[in-house]
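*Asks:* Take this structure, written in structure tokens, and hold onto it; I'll ask about it next.
The values are calculated or read from the model by the stated rules, or taken from the named source; none is laboratory data. As the structure is a prediction and not an experimental result, all values here were calculated from the model. Methodologically, a virtual Cβ is constructed for each residue, glycine included, from the backbone with ideal geometry; neighbour enumeration extends over all protein chains shown. Each accessible area value is taken on the protein alone, full model and side chains, heavy atoms only, with ligands, DNA and RNA left out. Shrake-Rupley method; radii C 1.70, N 1.55, O 1.52, S 1.80 Å.
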Amino acid sequence: MIKIDINLVFTIINLLVLYLLMKKFLFGPIIKVMDVRKAMIDQQFAGAKEQEDQAKALKEQYEGALKSAREESFQIMEQARKEAKAQADKTVEDTQAKVSAMLAKAQEDINTERENAMRQMKDDVASLAMEAAGKIIGKNSGADQDLSLYDQFIEKAGDPDDSDRR
Amino acid sequence: MAEELESKTLFTIPVFGGIPIAESVAVTWVIMAVLVILSLILVRNLKVENPGKKQLLLESGVSFLQDFFVGILGEEGKRYVPYLMSTVIFIGIANIAGVFGFTPPTKDMNVTIALSLMSIILIEYAGFHKRGLKGFLKSFAEPVPIMLPINILELAIRPTSLCMRLFGNVLGSFVVMKLLEFICPAILPIPFSLYFDFFDGFIQAYVFVFLTSLFIKEAIE
């Protein structure tokens, strides 16, 4: 039943041969394929991660650019608004100043004109009155008399404005 | 009945006064041939992308064994994994060879002695490879020098226990199965064959390589 002989050596040789054959034909190829696949998957994962990082960096860059652009546009708009307001204010002020100057000038013109007219009228009226009085009295009774007559007339028919002139 | 237990000499090569070839060696050749042919067929058309069902099955089987041994041995024991894998496949198939009408080679003590000799050589080589000659010799005096004789005894005890465990189990189940077939050749042996051939056969293959890898781990630690 228990017989140890040369077959022990044969079995050892068999085992070694089987090991080499299995390693060459079974485990070798399969493990190689699995390793290749593992390497491929790792590579793909690394690539995906890299791309993700890149995309993230790009996104940040874009967001920064967008933000600065928004700020810039806001600033530009603000400045434009300020400028427009300043211009409008300036225009209104100018116009107002011009208008008030024109008004003042017109007023002055009117006043001058009226004064001139008044003076003219006064002269005319004085001479007219003197003439009329002379005609009525028939004779000239001296300059003093004339003047008093004139004053009397003015007092009765004159403008309230003119009262301060005397 | 008794002659069934003998390891028969199948034929004799008529050189050097006749070299006897045992049945176990011949059956081992058959197993080797089957394994090599199977692996040649299965390994064809391996693809990195889109592996077929056959390849997936093969890969999951191989990676199961690989993970098992790497789990015990760790990364630095990876070089011993292919031998352990081929050994577990060989012992597993040898133990169930009875189902296919062959005599299990592991019933012959020459085979189990050969297996355990290979194991102890591998174990000691692993220790030698890892520690160098000085460290290897020193490892016999660990953890304390008084363990020296026991450690030296282990050199003989480990392979003997490996060898005898496998041999005894296979011989025992072989005897039980023969008796059962003698009593009732039909139906009755099926459940017993499932236990003695498949369950016990695979358990013994597992135990053999498991212990071998544990010893290797111990040697390279």
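*Asks:* In region B:176-186, is there at least one residue being in contact (Cβ under 8 Å) with a residue 40 or more places away in the chain, surrounded by 13 or more Cβ atoms within 10 Å (Cβ to Cβ) and β-branched (V, I, T)?
*Replies:* There is no residue in region B:176-186 that is in contact (Cβ under 8 Å) with a residue 40 or more places away in the chain, surrounded by 13 or more Cβ atoms within 10 Å (Cβ to Cβ) and β-branched (V, I, T).
*Asks:* Here are the criteria: (1) at pLDDT below 90; (2) among the hydroxyl-bearing types (S, T, Y); (3) under 19 Å from A:I30 (Cα atoms). Tell me which single one B:T106 does not satisfy.
*Replies:* Every listed condition holds for B:T106 apart from (3).
*Asks:* Follow-up question, since we're still on this one. Return yes when A:K122 is in a helix (DSSP H, G or I), exposed (fewer than 10 other Cβ atoms within 10 Å of the Cβ) and over 55 Å from the mean Cα position of the chain (by Cα) and no when it is not.
*Replies:* no
*Asks:* Do you know which residues across region B:42-54 are open to solvent by 40 Å² or more (accessible area, probe 1.4 Å) and more than 10 Å from chain A (Cβ to nearest Cβ)?
*Replies:* Within region B:42-54, B:N45, B:N50, B:K53, B:K54 qualify.
*Asks:* Considering only residues that are at the interface with another protein chain (Cβ under 10 Å from one of its Cβ atoms), over 17 Å from B:G101 (Cβ atoms) and surrounded by fewer than 19 Cβ atoms within 10 Å (Cβ to Cβ), which ones fall in region B:17-31?
*Replies:* B:I19, B:P20, B:I21 - these are the residues of region B:17-31 that are at the interface with another protein chain (Cβ under 10 Å from one of its Cβ atoms), over 17 Å from B:G101 (Cβ atoms) and surrounded by fewer than 19 Cβ atoms within 10 Å (Cβ to Cβ).
*Asks:* Related question: Here are the criteria: (1) over 30 Å from B:I183 (Cβ atoms); (2) of a type in the set (G, A, S); (3) more than 10 Å from every other protein chain (Cβ to nearest Cβ); (4) crowded, with 19+ Cβ neighbours inside 10 Å. Tell me which single one B:S39 does not satisfy.
*Replies:* Just one mismatch for B:S39, condition (3).
*Asks:* Output yes when any residue across region B:125-146 is in a helix (DSSP H, G or I), within 21 Å of A:I12 (Cβ to Cβ) and open to solvent by less than 80 Å² (accessible area, probe 1.4 Å), and no when none is.
*Replies:* Yes, region B:125-146 contains a residue that is in a helix (DSSP H, G or I), within 21 Å of A:I12 (Cβ to Cβ) and open to solvent by less than 80 Å² (accessible area, probe 1.4 Å).
*Asks:* I'd like the full set of residues that are more than 8 Å from the chain's Cα centre (by Cα), over 30 Å from B:I187 (Cβ atoms) and open to solvent by 10 Å² or more (accessible area, probe 1.4 Å), limited to region B:81-108.
*Replies:* Result: B:P82, B:Y83.
*Asks:* Scan (1) open to solvent by 20 Å² or more (accessible area, probe 1.4 Å); (2) in contact with an Asp or Glu (Cβ under 6 Å, 6 or more places away or on another chain); (3) not hydrophobic (A, V, I, L, M, F, W, C) for the single condition B:S173 breaks and write down its number.
*Replies:* Unmet for B:S173, out of (1) open to solvent by 20 Å² or more (accessible area, probe 1.4 Å); (2) in contact with an Asp or Glu (Cβ under 6 Å, 6 or more places away or on another chain); (3) not hydrophobic (A, V, I, L, M, F, W, C): (1).
*Asks:* Which ones in region B:147-168 are open to solvent by 50 Å² or more (accessible area, probe 1.4 Å) and within 22 Å of the chain's Cα centre (by Cα)?
*Replies:* From region B:147-168, those open to solvent by 50 Å² or more (accessible area, probe 1.4 Å) are B:147-150, B:152-157, B:160, B:164-165; that's our starting set.
Residues satisfying the conditions are B:E154, B:L155, B:A156, B:I157, B:T160, B:M164, B:R165.
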